[in-house]
Amino acid sequence: MLAPVMLRSTDRIRTTHVGSLARPPALLDLMRAAAQGRPVAEAELAVAERLAVTDVVARQRAAGLDAISDGEQTKTGFYAYIGQRLSGFEPRAGGDPLAGFRAEIDSFPEYYEQYLKGAMTGGMAVPVVPLRCTGPVSYIGHERLRRDLDLLRAAVGDAAPDSGADQVFVCAVAPSGVGGNEYYPSQADYLDAVADALHVEYAAIVEAGFTLQIDDPFLTDVFSYGTGSAQEKRMVARGYADAINRSLRGIPRDRVRLHTCYGINEGPRVHDAPLADLIDTLFTIEAGAFSFEAANPRHEHAYHVFETVTPPPEVVLLPGVISHATNIVEHPEVIADRIVRFADLVGRENVVASADCGFSSQATYTPEIHPTIVWAKFEALAEGARRATARLW
């Protein structure tokens, strides 16, 4: 089932998004109950998951998106889920899940005191508990992964019978986002072990006929919040990239998307490193498409990077042209302008219009952007792509 290849804008501008979408309240209630140790009937959970995935797939198609996902409906969080799929990790209650983000919070303490009560970690159905590696790492999530892939396949059916391109992607966390090391003799050994374990999940996603999207916001964290010199930051980031490449061994490059971002945060974000700081490291990753923020006011200038940087051959860019950091629905003309900027620089066939980030990276009752607004943004994205197509063809 490896036939579909990376979606490209060969005859019109295609559209996609980053993956995570709000879970319905009924599913959130069951997730929370399970996390609290209350009994949850497997059949009831299975029905809630099936309804959630089926609904979110239908809504993406109705909005006009070309490449869609399961919205990460069954996951408690874009990285928290992996604790259920890898052996060798223990939760460390009392840790600070926002520790790496502390410089931003400390710069605007009054704002974040208010904001975090409901947003980001504030409304999660299942609290994030930092994980620490205390033993050998191996993959144990085969059954849960199988259920997820079966749910998605049932929801999408034959997604792209005539296009020859894959139109369904599945998200998975990068090796650097799993947890902290207390077992292996070095960070490099630890990342190698995690990469080898995650290879099982990555390969299964591709073998099932889907495109794999690796989510790695931790790469930008190195440049935004890391300590040490610029060279030392690049060395740490290169270690993250090397771990991804290790995990991708044997997986065709044109079946892999890489997403990086700065997290879901409607805050000032003055510590965000610009794309220019990490683009060289990013392009060492053996992916066929790269997704990054380029719509919100902090990163809309990112297109200038490609005035001097040429992407690797055959690489597709998935720039964000709608933002996850504002409830304003972007006008289609603004979206078209953003698409055309990238198309003029790297070629129209090498641009697939996307979002800056996911719209519910954690299973939460209070997503920053209300789901009804997300669907309106997706509709605007599709219309903006049509208008950009009219200009470019």
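The values are calculated or read from the model by the stated rules, or taken from the named source; none is laboratory data. Treat the numbers as computed from the prediction; the structure is a model and nothing was measured. Counting neighbours? That spans all protein chains shown, and the Cβs are built from the backbone with ideal geometry, glycine included. To get the accessible areas, we keep the full protein, side chains included, count just its heavy atoms, and leave off ligands, DNA and RNA. Shrake-Rupley method; radii C 1.70, N 1.55, O 1.52, S 1.80 Å.
Of the residues S354, S229, S247, the one that moves most in a GNM of the chain with alpha-carbon contacts below 10 Å is S229. Volume of the convex hull of region 290-346 (Cα atoms only), normalised per residue: 73 Å³. Scattering from the chain was approximated by placing one identical point on each alpha carbon and applying the Debye formula without solvent; log10 I(q)/I(0) at 0.07 1/Å stands at -0.28. FRET efficiency for the Y183 to R144 pair, using the beta carbon distance and R₀ = 22 Å, is estimated at 0.40.
With the alpha-carbon atoms of region 151-240 aligned to their principal axes, the span from lowest to highest coordinate is 50, 27, 18 Å, starting with the largest.
Candidates L98, A33, Y183 compared by Cα position along the dipole of the chain: farthest toward the positive end lies A33, with charges placed on Cβ.
Three principal axis extents describe the C-alpha atoms of region 1-45; from largest down they are 51, 25, 14 Å. Please give every one of the aspartates and glutamates within straight-line cross-link reach of K117, meaning a C-alpha to C-alpha distance under 14 Å, and leave out same-chain neighbours fewer than 8 residues apart. Here the aspartates and glutamates satisfying the reach criterion relative to K117 are E266, E368.
Kirkwood hydrodynamic radius of region 212-284 from all distinct Cα pairs, in Å? Walk me through the intermediate numbers first.
Values: mean 1/r = 0.0765 Å⁻¹.
That comes to 13.1 Å for region 212-284.
Here region 182-196 is scanned for amide nitrogen atoms under 15 Å from the site 7 Å beyond the Cα of S87 along Cα-to-Cβ, giving 194.
Across the alpha-carbon set of region 310-393, the Rg to Rh ratio works out to 1.02, Rh being the Kirkwood radius.
Please find the FRET efficiency linking L45 to A103, where r is the Cβ-Cβ separation and R0 is fixed at 45 Å, and quote it to the nearest 0.05. Numbers along the way, then the final one.
On the way: r = 39 Å, r/R0 = 0.86.
FRET efficiency, L45 to A103: 0.70.
Kirkwood hydrodynamic radius (Cα pairs, Å) of region 58-147?
Across region 58-147, the inverse of the average 1/r is 16.0 Å.
With semi-axes defined as the square roots of five times the eigenvalues of the C-alpha gyration tensor, the equivalent ellipsoid of region 217-350 measures 24, 20, 13 Å, largest first. Note on the chain: with charges restricted to the Cβ of Lys and Arg (+1) and Asp and Glu (-1), its dipole about the Cα centre is near 380 debye. Taking each residue as 0.36 nm, the span from A203 to E113 lengthens on full extension beyond its C-alpha to C-alpha distance by 28.3 nm.
Placing a pseudo-label 7 Å from each Cα along the Cα-to-Cβ vector at I373 and D280 gives an inter-label distance of 3.9 nm. Taking every protein chain into account, the accessible area of the chain amounts to 40 square angstrom per residue (probe 1.4 Å). Per-atom-type breakdown for region 246-393 gives carbon and sulfur 53% of the accessible area (1.4 Å probe, protein chains only). Placing unit charges on each Cβ (+1 for Lys and Arg, -1 for Asp and Glu) gives the chain a dipole about its Cα centre, and among F290, H324, Q167 the Cα reaching farthest toward its positive end belongs to Q167.
Cβ distances below 4.7 Å define possible disulfide partners, and in the chain the cysteines left without one are C133, C171. Using θ = phi - 60° in the Karplus curve 6.51 cos²θ - 1.76 cosθ + 1.60, the 3J(HN,Hα) couplings for region 262-275 round to 10, x, 7, 6, 8, x, x, 6, 6, 8, 4, 6, x, 4 Hz; x is entered for Gly and Pro.
When DSSP assigns beta bridges and you keep just the ones with both residues in the chain, what percent turn out antiparallel, to the nearest 5? If I count the DSSP bridges inside the chain, around 20 percent turn out antiparallel.
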